[in-house]
1. If I take R0 = 25 Å and measure r between the Cβ atoms of Leu72 and Arg25 in this structure, what FRET efficiency does the formula 1/(1 + (r/R0)^6) give, to the nearest 0.05?
2. Kindly write out, for segment 34-47 in residue order, the coupling ³J(HN,Hα) from the Karplus curve 6.51 cos²θ - 1.76 cosθ + 1.60 (θ = phi - 60°), rounded to whole Hz, with x marking Gly and Pro.
3. Please give me the summed charge of the neighbours of His20: other residues whose Cβ is under 15 Å from its Cβ, Lys and Arg +1, Asp and Glu -1.
4. Let me check I've understood the local charge: for Ser43, count other residues with C-beta under 13 angstrom from its C-beta, Lys and Arg +1, Asp and Glu -1. What total comes out?
5. Counting other C-beta atoms within 10 Å, which of Ser31, Ser74 has the fewest, and how do the rest follow?
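Every read-out reported here was derived from the displayed coordinates using simple, explicitly stated rules and does not represent laboratory data. Predicted model, so just to flag it, every value in this text is computed and none were measured. With ideal geometry, Cβ positions are generated from the backbone for all residues, glycine too; neighbour counts draw on all protein chains shown.
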Amino acid sequence: MIRALLEAPPMSELNEQVEHAFNFRGDVTFSLKDGTTLVGFLSNRDFAPHASLKKEPFVEIYFPAGHHEEILLSKIASVESTGVDHAAT
């Protein structure tokens with residue numbers, strides 16, 4: 001019973017894409033469900049909803065122009081690693 005409580009639920013395909021993009025350490029392309037495309041550096045992700053903060057799961061993206069934004073995970077259709085992985089060079 002204790003082991004079952006400690007095991008994380010399986011990740012969705014989108015969560016796996018976000019996790020891969022987070023570990024990529026380069027610019028990624030986010031395709032949003034409304035058809036918008038965003039390119040930037042994924043600096044943070046949080047898959048757990050926070051009822052006390054009234055916050056849904058989100059990602060934090062830094063854009064080449066220098067500003068950053070939080071995007072709700074529910075608005076993202078897919079994520080692709082499209083830039084250079086600076087950690088691999």
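1. On the way: r = 23 Å, r/R0 = 0.92.
It comes to 0.65.
2. Once rounded to whole Hz, the list reads 8, x, 6, 10, 10, 10, x, 9, 7, 9, 7, 8, 9, 8.
3. On the way: positive: Arg25, Arg45; negative: Glu13, Glu16, Glu19, Asp27, Glu80, Asp85.
For residues surrounding His20, the net value is -4.
4. On the way: positive: Arg25, Arg45; negative: Asp27, Asp46, Glu60, Glu69, Glu70.
So the environment of Ser43 carries a net charge of -3.
5. Values: Ser31 14, Ser74 10.
Arranged by neighbour count, lowest to highest, Ser31, Ser74 become Ser74, Ser31.
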